[in-house]
Amino acid sequence: GAHVSMWSFMGNGYYDFTPMSAIGLTPYVMAGLGMVDASISDGNWGRASTAREFAWQIGAGVGIKTSPIATLDIGYRYLSPTDARFDVYKVSLASSNFLVGVRYNF
């Protein structure tokens, strides 16, 4: 069994749609470009290899106003780096991420 891990370093842009003021919801979309640092290790022989690749991501979500200074953020992101080369292997990597966070306005 191989183990694969990825660190992403992204610059992202967000677009907030017009808030639905009656219920406090603000939908948004996002897109980003950057780099992924991926590593793979072979559990059988203990070999490890790394690759640094260009990546892009897209996503969408909704902000839910919970107070005058706080917003609950629920979203989804799809991250897709270019195919990574590990020694002699070419590997396609991608991830889907569901996120929950809190934004504070000051």
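The values are calculated or read from the model by the stated rules, or taken from the named source; none is laboratory data. Note that this is a predicted model, so its numbers are computed, not measured. Reconstructed Cβ throughout: ideal geometry from the backbone, glycine too, with neighbour counts over all protein chains shown.
Residues in segment 1-17 that are in a strand (DSSP E or B), at pLDDT below 80 and either farther than 16 Å from Ala84 by Cα or of a type in the set (Gly, Ala, Ser) (or both): Ala2 alone. Restricting attention to segment 48-72, the residues being modelled with pLDDT of 95 or more, surrounded by fewer than 18 Cβ atoms within 10 Å (Cβ to Cβ) and not aliphatic (A, V, I, L, M) number 1. For segment 31-47, a residue qualifies if it is of a type in the set (Gly, Ala, Ser) and surrounded by 13 or more Cβ atoms within 10 Å (Cβ to Cβ), and the qualifying residues are Ala31, Gly32, Gly34, Ala38, Ser39, Ser41. Taken over segment 90-102, the residue count meeting the criterion of being loosely packed, with under 13 Cβ neighbours inside 10 Å and assigned to a strand (DSSP E or B) is 8.
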